[in-house]
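Okay, so here's the structure we're looking at.
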Amino acid sequence: MKAMRRSLLALALAGAFGIGTAQAQMSGNVLKIGVLSDMSSLYTDLAGAGSVVAAKMAVEDSGIEKRGIKVEIVSADHQNKADVGSAIARRWYDSEGVDVIVDVPNSGVALAVAQITKDKNKVFLASGPGSSDLTGKACTPNTVHFTYDTWMLANGTGTAITKNGGNTWFFITADYAFGQALERDTTAAVQKAGGKVLGGVRVPINNQDFSSFLLQAQASKAKVIGLANAGGDTTNSIKQAAEFGIVKGGQQLAGLLVFLTDVHALGLPTAQGLTFTETFYWDQNDHTRAFAKRFAPQDKGIYPTMVHAGVYASLLHYFKAVEALKSDTDGAKIVEKMKSMPTDDPLFGKGSIRVDGRALHPAYLVQVKTPAESKGPWDYYKIVSTIPADQAFRPLADGGCPLVK
Amino acid sequence: MAAIAERAAIRTAARNQFLVPTLVMVVALAVAPFAGVYPVFIEKALCFALFACAFNLLLGFGGLLSFGHAMFLGTAGYVAAHAAKVWGVTPEIAILAGTAASAALGAVVGALAIRRQGIYFAMITLAIAQMMYFFYVQAPFTHGEDGIQAVPRGHLFGLIDLGDPLAMYYTVLVVFVAAFALIHRIIHSPFGQVLKSIRENEPRAISLGYDADRYKLLAFVLSATLAGLAGALKAIVFQLASLTDVYWTMSGEVVLMTLLGGMGTIFGPVVGAFVIVTLENYLAGFGEWVTIITGVIFVVCVLAFRRGIVGELAAWWARRR
Amino acid sequence: MQALFGQLLIGLINGAFYAMLSLGLAVIFGLLNIINFTHGAQYMMGAFCAWFLLNHGIGGLTLGYWPSLIIAPIVVGIVGIVIERTMLSRLYKLDHLYGLLLTFGLALIIQGLFRNEFGSSGMPYQIPSVLAGGINLGFMFLPIYRAWVIVASLVVCFATWFVIERTKLGSYLRAATENPALVQAFGINVPRMITLTFGFGVGLAALAGVMAAPIYQVNPLMGADLIIVVFAVVVIGGMGSIMGAILTGFGLGIIEGLTKYFWPEASSTVIFVIMVIVLLVRPAGLFGRER
């Protein structure tokens, strides 16, 4: 007993001294993380409160607080509005001492936040948005783009499906910048892989009924119907495609931006056979499964999507850079450090961050299982093929990023 | 003699009732940044306060409920943002351009909508606002969902750098106070009196020889122009113009601000705007509850609080005398 | 040419849906002069009710699509009656504006609460097996469920129109809205009739929601974007006319279907363009009477 007490005391003293010696200089004596997400609209499930959970897990798993750096997490809802998001970012940086913003699952908001982050020289871990402009013409020395982008999705899905035999395409495109960009990038990928685009139709966003567009898609006799849309538009098109017997009639559906939570909302009978690209799936290996088992109870039973995984992984890497520099004040310097170190985390495996801010990691072409193939809750995907990290993303020279010499 | 003196006394009292609170408001706003209040927050509240005041001019004093006022806020924002970013003009020209665009739009929409009354008038404004929204979603210059980003603040008159937070703040304050004074002038002018009479009893006003349609149209255009001024100013302050500003829920928000603050009072919309902006700020951390609380405020206001904050205060003050 | 037939049929189906959806709103506005902005939220509640009955059921017994068609409208109708009794009835003496604002606020609350509880992606709901599958008509593949929607819509619309325009109960109702004091003097309980009518209109919205659940994603915001289109239908058809709303619903569905074929990007805008034109030329709507 006495021995244990003595060793405990020794440990406590060592710990106290340990804290003293590993002293790093954090602004305001605390490393403050801002999780800016969509808590009330389209992306609540794939990001939202789950992103905050992922951030907390990242802090825990990195052990950064044990090494003497105090970390605080704040969160807010940008409601998918660029002005709300940019106002929150500005206020966080100006008067609340936030050092890094993570998540932001909306490209419009992300572009605004990237600009403000550059002006205030902080760090933006863009683990939620999709626009490939964030590492293209809108790239900054303070932004790191994780998880996915429109080019990768278009290229991954387009090339893989075309090579697999789906060489004629018809697009149903949401008629706004994001949808058009997806269609443009996928068309390029399909044509490069030797396929042909037979036609397409532009649909206003937030449209509920796709029957007449699906009819046109059926009439085109294309082997693949590409859904260049997102959120509610995607789930509605898939649901109605099942109703019109599209898949039973021999055509394949290619979702260009689909998340685990979308499949959950559709249910396997409707979503089966859908093919698309993701960069993370919870059932891939023991590390991802362990993460999911810890994550789900904290997020109302929802299993982690790639956006949640992106928050976790990007923060882990950020912490490494901050600890190496022993400071959190100079955003551009931290990002430079992040680019100089290879990334390695339990969820995405090994990768790296390019000079234009693009994080490179493997991508996976997945297909939704049939109800018979699924063995348990959230057991939705089978991984069809893997695209290696150096081929998954847009080549460095093609982006038009001014940081690339 | 006594009657004239009495009337003069009433006029002075009425003027004091306006001047004193206004002075208090202006002074408070002028020193706020030094008192530790975050300036951008007040700038946002002022832009919305101006928007609500413009809306109140039409609703509270003109008696016309427009469901599409967001189109004026947003159009001016887009034009101003485009002018500042793509044409590279100085901020005051950008703001003028935005305001002019909204005025023109107001004239066209007003000419169409004035022909009908009541709920039909509201429906026409809503329908046109929706058409404008879909147009902006697709028009290339707005960049759709991304909006016009990184709008430069520039140098006011080529001299004052609006990148400096204090310079931007006082610019917004000056514009707001000037517009506020203008609205007050309009309300208390003969034009304003005729407008109020049309609101109370249109047939009687017409029988007195006033061309009701012309007055209503003018009120509509004025309201649209000032709403445009608010939108253009907001685009420069936040350096961004997005689809949120033309979506119909923004039209709903301005109705809420005016209702909450007090329709038909001059300070009501300002108070309402500040309350709503503060609420959204404070609740941003509890994102999911913002819409619910907004809804609750709507319901409570309509059921039990129809005169709004300023209206209830004024009634209480009058009872005390 | 064949493709055009297909699009026309789809347009007809959508029109049937619009008609049924706007019926509830037309009844409430036409007869009670109340602008019910909560209509979209009540439609959503109907769909969620159906989902709930299927996945959780009552007392352990899960109920499928067919019982939901009856239970959901009743449940949501009762909610509507509560709203009317506790809140709306206080506003009858005031400007219509207040009723509109109240129902707008209620819609925000209801949608917000559902979204907090259920998230925003939505819940799965399958087409009942009896109605699944489709027929190949040659020029298009017609899902059986969609054909059922046309039939159901025609039945419901006609039944409602008949009750209101051709039966004694309907005539009491119409009289009560024109001159409540006189009708009350005849011994008819006018406030109770108004309450029940409101409940009926809300129930119709919920019924449309149950019919939509198998084909549109059941999510808390499903009514929010639809409400504006429904308003347009009611306004164009004539705010006082049941038949107007029905015919306009069908007509607009067909016009929208044609637009989706010839000029898809404009398909969302066309309804509003028509609305503005009608409001300028015939403000009471195509079939309405000027009040």
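The values are calculated or read from the model by the stated rules, or taken from the named source; none is laboratory data. Bear in mind that the values here come from a model prediction, so they are computed numbers and not experimental data. Neighbour counts are summed over all protein chains in view; Cβ atoms, including those assigned to glycine, are modelled from backbone coordinates with ideal geometry.
Just to be sure, is A:Ile246 part of a loop (DSSP other than H, G, I, E, B) and of a type in the set (A, V, I, L, M)?
Numbers: part of a loop (DSSP other than H, G, I, E, B): yes; of a type in the set (A, V, I, L, M): yes.
Criteria met by A:Ile246.
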| message | Filter the stretch A:77-111 down to the residues that are within 12 Å of chain B (Cβ to nearest Cβ) and touching a residue at least 40 places away in the same chain (Cβ under 8 Å) and list them by number. | response | A:Asp77, A:His78, A:Gln79, A:Asn80, A:Gly85, A:Ile88, A:Ala89, A:Trp92, A:Glu96, A:Asn106, A:Ser107, A:Val109
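Without any contact (Cβ under 8 Å) to a residue 40 or more places away in the chain and more than 30 Å from A:Gly267 (Cβ to Cβ): does that describe C:Thr86? Walk me through it before giving the result.
Details: without any contact (Cβ under 8 Å) to a residue 40 or more places away in the chain: yes; more than 30 Å from A:Gly267 (Cβ to Cβ): yes.
Yes: the conditions hold for C:Thr86.
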| Quick check: is even one residue across the stretch A:272-288 among the β-branched types (Val, Ile, Thr), surrounded by fewer than 23 Cβ atoms within 10 Å (Cβ to Cβ) and at pLDDT 90 or above? | yes
| field | One residue from C:Tyr145, C:Tyr98, C:Tyr92 being under 24 Å from A:Ala271 (Cβ atoms) and aromatic (Phe, Trp, Tyr) | value | C:Tyr145
| query | Cβ-Cβ below 6 Å, separation at least six or inter-chain, first residue in the stretch A:167-186 and within 12 Å of chain B (Cβ to nearest Cβ), second in a loop (DSSP other than H, G, I, E, B) and surrounded by 24 or more Cβ atoms within 10 Å (Cβ to Cβ): which pairs? | reply | A:Ala174/A:Asn229; A:Gly179/A:Asn229
| request: Enumerate the pairs (first residue in the stretch B:151-168 and part of a strand (DSSP E or B); second residue anywhere and of a type in the set (D, E, K, R)) with beta-carbon separation below 9 Å, excluding pairs fewer than 6 apart on the same chain, so at least 6 apart or on different chains. | output: B:His155/B:Asp161; B:Leu156/B:Glu92; B:Asp161/B:Arg153
| Of all residues making up the stretch A:130-148, the number that are within 15 Å of the chain's Cα centre (by Cα), at pLDDT 90 or above and part of a loop (DSSP other than H, G, I, E, B) | 3
| So B:Leu303 clears everything in (1) at the interface with another protein chain (Cβ under 7 Å from one of its Cβ atoms); (2) within 18 Å of B:Glu253 (Cβ to Cβ) except one condition, right? Which one? | (2)
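Being more than 7 Å from every other protein chain (Cβ to nearest Cβ) and closer than 27 Å to C:Asn219 by Cα: is that true of A:Val247 here?
Working: more than 7 Å from every other protein chain (Cβ to nearest Cβ): yes; closer than 27 Å to C:Asn219 by Cα: yes.
Spelling it out, A:Val247 is indeed more than 7 Å from every other protein chain (Cβ to nearest Cβ) and closer than 27 Å to C:Asn219 by Cα.
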| Can you name the residue in the stretch B:115-132 that is of a type in the set (S, T, N, Q) and part of a helix (DSSP H, G or I) and is also farthest from the other protein chains (Cβ to nearest Cβ) among such residues? | B:Thr125
| note | the stretch A:268-355: helices (runs of 4 or more DSSP H) wholly inside it with 3 or more residues that are assigned by TED's automatic domain parsing to the domain that holds A:Ala372 and in contact (Cβ under 8 Å) with a residue 24 or more places away in the chain are A:268-271
| remark: Over the stretch B:133-145, the set of residues in a helix (DSSP H, G or I) and at the interface with another protein chain (Cβ under 8 Å from one of its Cβ atoms) is B:Phe134, B:Phe135, B:Val137, B:Gln138, B:Gly144, B:Glu145
| request: Of the numbered conditions (1) surrounded by fewer than 24 Cβ atoms within 10 Å (Cβ to Cβ); (2) part of a loop (DSSP other than H, G, I, E, B), C:Leu247 fails exactly one; give the number of that condition. | output: (2)
| Checking B:Ser242 against (1) over 30 Å from A:Ala112 (Cα atoms); (2) hydroxyl-bearing (Ser, Thr, Tyr); (3) within 14 Å of chain A (Cβ to nearest Cβ), which test does it fail? | (1)
| request: Could you tell me whether B:Leu218 is assigned to a helix (DSSP H, G or I), surrounded by fewer than 22 Cβ atoms within 10 Å (Cβ to Cβ), touching a residue at least 12 places away in the same chain (Cβ under 8 Å) and away from every other protein chain (no Cβ under 14 Å)? | output: yes
| query | What number goes with the only condition from (1) surrounded by fewer than 22 Cβ atoms within 10 Å (Cβ to Cβ); (2) more than 14 Å from every other protein chain (Cβ to nearest Cβ); (3) in a strand (DSSP E or B) that A:Val74 does not pass? | reply | (2)
| A:Leu198 versus (1) out of contact with any Gly (no Cβ under 7 Å at 6 or more places or on another chain); (2) within 13 Å of chain C (Cβ to nearest Cβ): which is the lone unmet condition? | (2)
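Does the stretch C:271-284 contain at least one residue that is within 30 Å of C:Gly112 (Cα to Cα) and away from chain A (no Cβ under 14 Å)?
Narrowing the stretch C:271-284 to residues within 30 Å of C:Gly112 (Cα to Cα): C:271-272, C:275.
From the residues that got through so far, the ones that are away from chain A (no Cβ under 14 Å) too are C:275.
Yes: the stretch C:271-284 contains one or more residues that are within 30 Å of C:Gly112 (Cα to Cα) and away from chain A (no Cβ under 14 Å).
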| message | Quick test of your reading of the structure: A:Leu153 fulfils all but one of (1) within 14 Å of chain B (Cβ to nearest Cβ); (2) crowded, with 24+ Cβ neighbours inside 10 Å; (3) at negative phi. Name the failing condition by number. | response | (1)
| Does A:Ala177 fit the bill of being of a type in the set (A, V, I, L, M), outside the structural domain of A:Val335 (by TED's automatic domain parsing) and within 20 Å of the chain's Cα centre (by Cα)? | yes
| query | Of everything in the stretch C:115-135 that's farther than 17 Å from C:Phe52 by Cβ and assigned to a helix (DSSP H, G or I), which residue is farthest from the other protein chains (Cβ to nearest Cβ)? | reply | C:Val130
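Working only within the stretch C:279-291, note down all residues that are buried (at least 21 other Cβ atoms within 10 Å of the Cβ) and assigned to a helix (DSSP H, G or I). Steps first, answer last, please.
The initial filter retains those residues of the stretch C:279-291 that are buried (at least 21 other Cβ atoms within 10 Å of the Cβ), namely C:279, C:283, C:285, C:288.
If the condition is that a residue be buried (at least 21 other Cβ atoms within 10 Å of the Cβ) and assigned to a helix (DSSP H, G or I), then C:Leu279 is the only one that fits.
Table: residues versus (1) crowded, with 23+ Cβ neighbours inside 10 Å; (2) of a type in the set (Gly, Ala, Ser); (3) within 14 Å of chain B (Cβ to nearest Cβ).
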| site | (1), (2), (3) |
| --- | --- |
| C:Leu25 | yes, no, yes |
| C:Phe48 | yes, no, no |
| C:Leu63 | no, no, no |
| C:Leu69 | no, no, no |
| C:Gly80 | yes, yes, no |
| C:Thr86 | no, no, yes |
| C:Asp95 | no, no, yes |
| C:Leu102 | yes, no, yes |
| field | Of residues in the stretch B:100-156 being among the small types (Gly, Ala, Ser) and over 30 Å from B:Gly63 (Cβ atoms), the one surrounded by the most Cβ atoms within 10 Å (Cβ to Cβ) | value | B:Gly147
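Checking the conditions here, which among C:Ile188, C:Ile215, C:Ile194 is part of a loop (DSSP other than H, G, I, E, B), more than 14 Å from every other protein chain (Cβ to nearest Cβ) and not acidic (Asp, Glu)? Before you say what the answer is, go through the steps one by one.
Working: C:Ile215 fails: more than 14 Å from every other protein chain (Cβ to nearest Cβ); C:Ile194 fails: part of a loop (DSSP other than H, G, I, E, B).
None of the others qualify; the one that does is C:Ile188.
Among the residues of the stretch A:336-354, are any touching a Pro at 6+ places or on another chain (Cβ under 8 Å), within 19 Å of A:Asn142 (Cβ to Cβ) and not aliphatic (A, V, I, L, M)? Break it down stepwise before answering.
Pass one, the stretch A:336-354, residues touching a Pro at 6+ places or on another chain (Cβ under 8 Å): A:336, A:348-352.
Now drop any that are not within 19 Å of A:Asn142 (Cβ to Cβ), which leaves A:336, A:352.
When the remaining residues are screened for being not aliphatic (A, V, I, L, M), the result is A:336, A:352.
Yes, that holds for at least one residue.
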| message | So C:Met239 ticks every box in (1) more than 14 Å from chain A (Cβ to nearest Cβ); (2) part of a helix (DSSP H, G or I); (3) touching a Phe, Trp or Tyr at 6+ places or on another chain (Cβ under 9 Å) but one. Which box is left unticked? | response | (2)
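Looking at the stretch B:74-98 only, could you name the residues that are small (Gly, Ala, Ser) and outside any helix (DSSP H, G or I)? I'd like the intermediate steps shown before the answer.
We begin by selecting, within the stretch B:74-98, every residue small (Gly, Ala, Ser); these are B:74, B:76-77, B:80-81, B:83-84, B:88, B:94, B:97-98.
B:Gly88 - this is the single residue of the stretch B:74-98 that is small (Gly, Ala, Ser) and outside any helix (DSSP H, G or I).
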